[in-house]
1. Checking Leu23 against (1) free of Cβ contacts under 8 Å to residues at least 24 places away in the same chain; (2) touching a Cys at 6+ places or on another chain (Cβ under 7 Å), which test does it fail?
2. Can you say whether Gly38 is on the phi > 0 side of the Ramachandran plot and more than 11 Å from the chain's Cα centre (by Cα), as far as the supplied structure shows?
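Nothing in this text is a laboratory measurement; each read-out follows from the coordinates by a stated rule. Every value quoted in this text rests on a predicted model; they were computed, and no experiment measured them. Neighbour counts are summed over all protein chains in view; Cβ atoms, including those assigned to glycine, are modelled from backbone coordinates with ideal geometry.
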Amino acid sequence: MKETNDLFETLASGTACDYISDLRFAQNRERVRGFLMGWTPAQNYGVRQWEDLAEYLLGGTHTFSSQKEAQKFLTDRLAK
C-alpha cells in the first residue's frame, strides 16, 4: 500500500481501487470499510480531509471533532 499525505489516494491504494472514483462503487464498500477498520493512523490526515471523504462517500455535510471520530463514523455508516 502506498501511503501519501492524501487520504483519498491512500484509501484507493489500500483497497486496490484503480481510481479514487472507484471508492464510491457499492461493490467496493465492504473493502473500504474493512480497510478503515483495520487501519490505525487516522491522525496522519487532518479532520478536514476526513470530512471531505465522508461527504464524497456518503453525501451530505459531516463535521467531526477528531480523526478517530470520523473514522468510526465512516466505518459505522458504510456497514449499512
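1. Just one mismatch for Leu23, condition (1).
2. No, not satisfied.
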